[in-house]
Structures are given as structure tokens and as C-alpha cells.
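Input: a single structure, listed below in C-alpha cells.
The values are calculated or read from the model by the stated rules, or taken from the named source; none is laboratory data. What you see is a predicted model; the values in this text were computed from it and never measured. Heads up, the Cβs are rebuilt from the backbone with ideal geometry, glycines too, and the neighbour counts pull from every protein chain shown.
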Amino acid sequence: MGNGYVGARTPRREDARLLTGKSRYVASVRLPGMAYAHVVRSPVAHGRLLGCDTKAARAVEGVLDVILPADAAGLRLPCVNVMPGQLMTSYPVLDDAVRYVGQPLAVVVAETPQAARDAADLLDLDLDELPAVVGAERALSDDAPLLHPDLGSNVLFDFVMGDDDCAAAVEGAEHVVEMTFRMGRVSPYPLEPRGVVASYASYAGDELTVHLSSQAPHHAREHLAEALGLSHDRVRVVSRDTGGGFGAKEHLYPDETLACLAAIRLGRPVSWSEPPGDRLFATLPARQAVHRGRLALDGDGRFVAMDVDVLGDLGAHPSNVGGSTFAVTATLLPGPYRFDRFAVRVRGVVTTTTPTGSYRGFGQPEAALTRERLIDEAARRLGLDPVELRLRNMLRPDELPYTTRVFQTYDSGDYPRALRTLRDLVRPVEKDDGRRRGVGYSCHVESTGMGPSMDMKAINAAAGGYETAILRMEQDGSVVVSSGVVSMGQGIETALAQIAADRVGVPIERVRVVLGDTATTPYSSIGAVASRSLAVGGGALVRAAVRLRDRLLALAAHRLEADAGDLEIADGSVRVQGDPRASLTLRDLATSAWRGWDLPEGFAPGLEERVSYDPEGYTFAYGAHAAAVAVDPETGAVEVERYWVVNDAGVLVNPTVVEGQLTGGVAQGIGQALTEEIGYTDDGQPIAEYLPPTTREVPGIEVVLMETPSPLTPGGMKGVGEAGTIGPPAAIANAVAAALPEIAAQVTDVPLTPAVVWSLLRA
């Protein structure tokens with residue numbers, strides 16, 4: 001089955017409108033009578049809002065409303081993911097208890113953005129400032145101020161996974177490598193800032209329509225309805241073109257909710273866009289954690305055990321994802337290797353900083369950094385080749401499916417082949433320019449295709465893991481795909497069109513894909529997150545396309561008085577194989593189906609299939625990365641000179657899209673490794689300097705694609721959206737350690753800025 005679209009390097013159909021200014025972003029939405037909101041944020045990290053004088057602000061010409069915490073009393077947003085024993089499961093939209101710089105304290109709405117901003121500057125905030133708590137380790141100290149005194153602790157959850165006797169196995173091993181790693185806080189940094197245009201029509205039955213830059217419009221609709229006390233059928237969320245998300249837009253934010261509240265209060269449309277200066281403390285960051293890890297080996301270099309203490313910084317309160325990023329770190333720490341024993345402790349603490357949330361990779365780059373640095377340091381101490389040490393302990397294809405010590409079941413793959421292929425690609429750079437050079441490797445297994453629904457219920461995630469596809473052939477033979485996942489630059493619109501065209505047997509030009517509108521697309525509990533759009537949404541579409549094709553063949557067999565098994569779909573017709581004269585056009589068949597003409601007995605009118613696919617389990621993609629770096633010992637500057645990736649994401653619907661996903665992810669991973677970090681002063685003020693990599697920092701990236709079908713997914717696909725981000729921090733840190741063996745044991749923290757590397761060398 002198939003006409004060659006799956007596996008083809010079909011040009012991305014989204015790009016024509018994205019590159020010619022025809023895309024549909026929230027900021028371009030203009031509605032009659034639209035007002036503009038400005039969010040007033042806390043200038044202090046910790047304290048209490050004792051009062052707010054709004055008289056001067058309300059006197060500004062054009063001001064329509066000022067919303068204070070008392071006006072939003074009771075409005076809360078949920079933590080969809082809740083860790084075992086988690087002490088907080090929701091958080092207020094507005095609160096007079098201040099816990100981070102940038103926390104929303106009020107909203108001003110005016111006729112123009114300028115008037116709203118001018119009025120906001122005139123609000124007189126009476127703040128009682130309290131001591132800040134910056135850093136997860138500081139939050140644990142006995143004298144640390146409590147952010148939520150009613151909870152009695154800054155630790156919101158503390159649980160363990162794995163083998164009870166792991167510590168004993170480590171302590172009894174012949175060789176033990178122990179290191180502590182610190183990961184900096186990084187920003188997802190989408191090109192399109194967060195934004196919302198909300199319109200409330202009381203005359204139309206109290207309907208709230210929200211244009212939102214979102215990865216999960218159904219998710220946002222559900223939470224908006226609950227927070228604002230509206231029935232779900234009265235809320236519509238539209239996310240047409242989402243200009244990047246990377247996890248930052250996978251949920252609803254307090255400021256977005258407040259814009260909707262303003263629209264309801266005023267009875268007119270309200271627009272809000274995140275100002276560029278607010279992004280680093282308003283859009284949720286991620287990654288920040290401290291890992292204390294121990295890797296135990298026997299005399300032959302075999303991995304005996306690994307245990308890790310994961311201390312995660314939640315920021316001021318758990319976000320929508322709670323501590324699940326740290327839990328994912330814990331479950332992916334074993335990677336593609338065999339361990340006799342494994343254990344991990346996971347703690348989440350609150351600090352007076354912006355709440356942390358999702359970012360592409362979702363805890364997996366942190367796991368890879370800790371594991372792969374421990375392995376490289378073990379190889380250095382034992383005098384072994386780091387690639388050979390990995391191969392010695394790597395799971396073989398015949399061992400898959402394989403369930404790890406923390407209950408992840410890897411579905412399919414050939415991990416050693418990926419690493420050997422990578423090793424053959426690597427060509428170290430040789431120059432005599434006074435810099436020190438090294439090559440570093442990292443390997444990972446990537447969790448993709450989030451589900452099944454009952455598993456999510458079992459881990460207290462208030463969401464389902466299935467996706468639904470609706471596939472319809474119109475009377476003219478054209479095909480419409482409708483899915484609950486969202487297009488955010490990842491190429492899903494093209495990939496779904498390829499699957500539909502391939503499986504039904506129509507030209508791709510005759511396929512339209514409809515996404516991002518809760519009024520016209522099937523419900524998606526999670527949306528486009530966790531590398532699941534194709535693995536789960538595409539899996540549903542594969543099944544729907546097979547059913548639609550079977551209906552077409554059954555209808556044609558009835559009309560042609562032939563056996564369905566003897567028919568084929570080609571050139572816009574259904575015909576008898578070997579006898580093209582015995583054929584019917586798709587237009588003819590579709591028109592008959594929709595009009596109810598000449599149908600077989602029991603054949604319902606129409607040509608539409610609705611299929612929900614709830615996966616049996618996660619799919620696991622995997623990859624191997626290598627980086628060649630040059631380090632200037634005089635300045636500590638690190639340059640990535642070359643980068644190589646070998647990746648397996650199952651069946652490749654569009655290899656060009658996959659290569660683009662990997663390349664973009666590697667660029668983000670390089671930023672985490674070398675330049676990006678949201679820093680804070682001791683009193684909780686965010687440091688404004690933030691340095692994403694440019695074309696000068698990102699080298700040419702060589703990508704090799706492998707293809708091992710998943711036995712779980714209809715169509716055999718796995719996810720690839722996060723793969724590129726997972727390997728770079730570990731590979732680059734290993735390369736720096738290889739270039740500077742005298743400080744290798746101290747190469748533990750990212751980002752490895754020039755100041756960090758220089759300080760290590762001088763120490």
C-alpha cells in the first residue's frame with residue numbers, strides 16, 4: 001500500500017505562507033472595538049502586596065479597566081502533572097503573595113497599547129519585601145525563608161525510584177565515579193512571543209473565543225473554562241500558525257487567563273502580547289537542576305550500578321507540568337545501557353524565581369549530561385576508550401524490547417550500530433593555532449509518543465494520551481485531514497498530508513490539513529508536545545486512511561461488480577488492475593457516497609472516518625552525537641568546530657523534515673552547553689543578559705538517519721521533535737574534558753562559558 005509519499009522529501013507545504021508573510025499569528029488578529037491589556041509585574045522577588053492605588057492610572061485617557069488580585073479571587077490554574085506526595089496541585093492567576101520578579105500583580109486595559117502602558121506605570125504598588133531564596137540548594141538550608149509557610153517546607157515532593165539495594169551495589173563495586181552536575185536555567189525562546197486575543201459575546205450565549213499562540217488549544221480551552229466558570233461548549237480556542245513553542249506554549253498562563261477575564265468584564269475584545277523585555281521572567285524557563293551521580297563498574301568495565309540524586313528547581317510554585325521534567329530525567333537516566341542496579345531520588349523545591357516548565361527535551365538533556373559525563377570520566381580514569389566502554393555496556397538489538405530498572409520499555413532499535421556509525425563519521429579537526437582540541441560523544445534513548453491514557457491516569461496526569469484523526473473525502477475527490485495536534489513550525493502539516501495521500505492513494509495536492517481550532521478539530525488532551533504529533537496523531541491518521549481506502553474500494557467493487565482485492569486507486573480513479581477501462585473516478589464514487597446513490601447493502605452514506613488511537617506504550621527513538629571542539633586556554637572560549645548526529649526515529653515520513661528538526665535541536669543544545677543561562681542576583685533579580693547561539697556558534701551539522709520501525713505505532717513512526725536537544729550538552733562537555741584532561745573531572749556544569757572554563761583552568 002502507498003504511492004510513494006511516505007519517505008519522500010516532499011517540500012513543506014507550510015513554508016509558502018510562512019515565508020511570504022501570509023501566516024496567521026495572534027498579533028495579526030484585529031477585531032472591531034479591540035482593547036489592549038498590559039500586565040503589571042512584581043519588581044521584587046519575595047514579599048506581599050499590601051495595597052495598590054489605582055487613582056492616577058484610571059485617570060489616564062483611554063483606560064477601561066484595572067484588575068487587581070481581589071478581582072480575580074478564586075481563579076486558579078491546575079498542575080496537570082502531579083508528582084507523588086506533591087504538596088501543591090494548583091496555583092492562583094493573581095496573588096498578593098509575591099514569590100518572583102515578574103509575577104503578575106495587576107492588569108491595565110485601555111483603548112491603545114500606549115495608554116495601557118502609561119497607566120500601568122502610574123499604579124502605586126505598596127510592597128512589603130521579604131528575603132529572597134535563589135537556588136535549590138539554598139532553599140534546602142535550615143535558615144531559608146519559606147515561600148509557602150502553610151506547607152512547612154520548601155520541598156514540595158521527594159520520592160525514589162529503582163532498586164532498594166542500589167546503594168549497596170555501588171559501595172561494593174571495584175570502581176566508582178562520583179560527580180555533581182549543575183544545569184543552568186534556559187529559555188525556550190520561540191520566535192513568536194506569547195499572545196492572546198479574547199472576545200466575549202454575551203449576546204451569542206456567553207461565548208468566549210480566544211486566539212492563542214498555543215501548542216495545545218484543547219488543553220487551554222479546558223483550563224480556561226474551568227478557571228472562568230464557563231461551560232466547555234462556550235469556549236473556543238484558535239491557534240492557527242504558532243510561531244515556535246518548544247514546550248513554552250504547551251499550557252495556559254496566568255497572564256493569558258487575565259486577558260480573557262478582561263474581555264469578559266468589558267464585553268469587548270482584548271489583546272495582549274508579551275513584551276520582549278518580559279520574556280525571560282514571564283515565559284517559563286526550564287532545565288535548572290543539581291544532580292549528584294555515582295556510576296559503579298567492575299574490573300572489566302561493566303556497569304554494575306548507577307544512582308543519582310536529582311534536585312530540581314521548581315521556581316515559585318509548580319507550573320502546569322509540576323515536577324514531571326525531573327521525573328522524566330529520572331526515568332531516562334539509564335539511557336541505552338545495561339545496569340544490574342539503578343536508583344534515583346527526585347526532589348522538587350521552590351525558590352523565589354520564575355516557575356519552571358517545559359522545554360524541548362523535557363528533562364532528557366539533563367539525564368544525558370549526567371550519565372554520559374560519568375561514563376567518559378570512568379573511561380578516563382580506567383584508561384579505556386570512551387566509545388568502546390559504551391559499546392561494552394550497550395543494549396543489543398536482540399535484547400529489545402527491554403524494560404529498564406525504572407520501568408521504561410524500549411520498543412526497537414540498534415543502539416550499537418548508531419554509535420559505530422557515528423564513530424566512523426568523526427573526523428577530528430587538526431590545526432596548530434594554540435587552541436586545545438577534543439572530541440566528545442554522547443548517546444541517548446528518547447521518550448516519544450506520550451501515552452497510553454490509562455498509564456497517564458496511573459501517574460496522576462490529568463490528561464489522556466490518545467489522538468483522533470478525522471479523514472473525509474469530499475464530493476470532488478479531495479481529502480480533508482483534521483487533527484487535534486498543532487502546527488508550530490515542526491512540519492506536521494506536511495507529514496499528515498503525506499500520510500493521507502500515501503495511504504488513500506490521492507495526489508498530495510488534493511489533501512488539505514485542518515489544525516488548531518477547537519471548534520473544527522477533534523479533541524486532543526495534550527496537543528503537540530513530547531514528540532507525539534506524528535507518532536500518535538499520525539498513527540490515528542494511518543488507521544483512518546486505511547479505513548477510508550477500504551470504503552472506496554468496497555463502493556467501487558459494488559459498482560464495477562468486481563472483487564475489492566482486484567482493485568487499485570491510481571490517477572484519480574479506482575480501477576481493475578490490468579484493465580484500466582473498468583474504472584470509476586474518485587469524484588464519481590465520492591459524489592455517489594455523499595448522495596446515498598448506488599450503495600452496497602449496509603453501506604452508510606458519506607466518506608468520512610473518525611479514528612482514535614491510544615498507543616500501547618511510549619515509542620523510544622534514539623541517537624548518538626559527537627562534537628569536535630577547540631578551547632582557547634588563555635580565554636576559556638569554546639568553539640564547536642564540527643558536529644555529527646546519527647538518529648533513528650522509526651519510519652521516516654519526510655527525511656528532510658527530520659533533518660531540519662535535528663539540526664534546529666542541536667543548535668538549541670549548543671546554546672544550553674555554551675552560552676545560554678538565566679542568572680539571578682542574590683536578591684532574586686534576573687540578569688538581563690541572555691545569549692542564544694548565532695550562526696557563528698553553530699557549525700555545519702552532519703546528520704545520518706537510520707530507520708527501525710516501531711512495532712507499536714501504526715505506520716512504524718517514532719517522534720523526533722526533541723532528539724536534537726538531548727545530546728549536545730553531554731557531547732560538548734565530554735569534548736571539552738577530552739581537550740583539557742587536567743580539569744576533566746571538574747567539567748560538570750553547563751553552560752561552559754569562557755569565564756567558567758577559564759576559572760577551572762586557573763584553579
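Residue by residue, here is whether (1) without any contact (Cβ under 8 Å) to a residue 24 or more places away in the chain; (2) not aliphatic (A, V, I, L, M) holds:
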| position | (1), (2) |
| --- | --- |
| GLU14 | no, yes |
| THR20 | yes, yes |
| SER23 | no, yes |
| ALA35 | no, no |
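Taking the range 25-40 on its own, how many of its residues are surrounded by fewer than 20 Cβ atoms within 10 Å (Cβ to Cβ) and not in a loop (DSSP other than H, G, I, E, B)?
2
If I filter the range 595-615 down to residues being of a type in the set (Phe, Trp, Tyr) and over 40 Å from the mean Cα position of the chain (by Cα), which single residue comes out as surrounded by the fewest Cβ atoms within 10 Å (Cβ to Cβ)?
TRP597
Which pairs do you get when a residue that is without any contact (Cβ under 8 Å) to a residue 12 or more places away in the chain, found in the range 587-602, comes within reach of a residue that is surrounded by fewer than 16 Cβ atoms within 10 Å (Cβ to Cβ), reach meaning Cβ atoms under 7 angstrom, with the pair 6+ apart or on two chains?
Final answer for the pair search is GLY596/PRO605.
Can you find a residue in the range 234-250 that is more than 23 Å from SER23 (Cβ to Cβ) and in a loop (DSSP other than H, G, I, E, B)?
no
Tell me yes or no: at least one residue of the range 5-24 is of a type in the set (Gly, Ala, Ser), modelled with pLDDT of 95 or more, under 30 Å from GLU568 (Cβ atoms) and part of a loop (DSSP other than H, G, I, E, B).
yes
With the range 257-335 as the region, which strands (runs of 3 or more DSSP E) entirely inside it contain at least 3 residues that are under 29 Å from THR619 (Cβ atoms)?
289-297, 303-315
Which residues, counting only those in the range 664-685, are more than 22 Å from VAL698 (Cβ to Cβ) and either at pLDDT below 95 or in contact with a Pro (Cβ under 7 Å, 6 or more places away or on another chain) (or both)?
TYR680 - this is the single residue of the range 664-685 that is more than 22 Å from VAL698 (Cβ to Cβ) and either at pLDDT below 95 or in contact with a Pro (Cβ under 7 Å, 6 or more places away or on another chain) (or both).
Looking at ALA110, is it touching a residue at least 60 places away in the same chain (Cβ under 8 Å), of a type outside the set (Phe, Trp, Tyr), buried (at least 21 other Cβ atoms within 10 Å of the Cβ) and more than 25 Å from TYR200 (Cα to Cα)?
no
Residues checked against (1) farther than 18 Å from LEU471 by Cβ; (2) assigned to a loop (DSSP other than H, G, I, E, B):
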position: TYR523; (1), (2): no, yes
position: ALA545; (1), (2): no, no
position: LEU548; (1), (2): no, no
position: ASP598; (1), (2): yes, yes
position: GLY617; (1), (2): yes, yes
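Inside the range 675-694, can you point out the residues that are of a type in the set (Asp, Glu) and surrounded by fewer than 19 Cβ atoms within 10 Å (Cβ to Cβ)?
ASP682, ASP683, GLU689
Scan the range 54-63 and tell me whether some residue there is assigned to a loop (DSSP other than H, G, I, E, B), of a type in the set (S, T, N, Q) and either closer than 18 Å to HIS317 by Cα or in contact with a helix residue (DSSP H, G or I) (Cβ under 8 Å, 6 or more places away or on another chain) (or both).
The answer is no, given that none of the residues of the range 54-63 is assigned to a loop (DSSP other than H, G, I, E, B), of a type in the set (S, T, N, Q) and either closer than 18 Å to HIS317 by Cα or in contact with a helix residue (DSSP H, G or I) (Cβ under 8 Å, 6 or more places away or on another chain) (or both).
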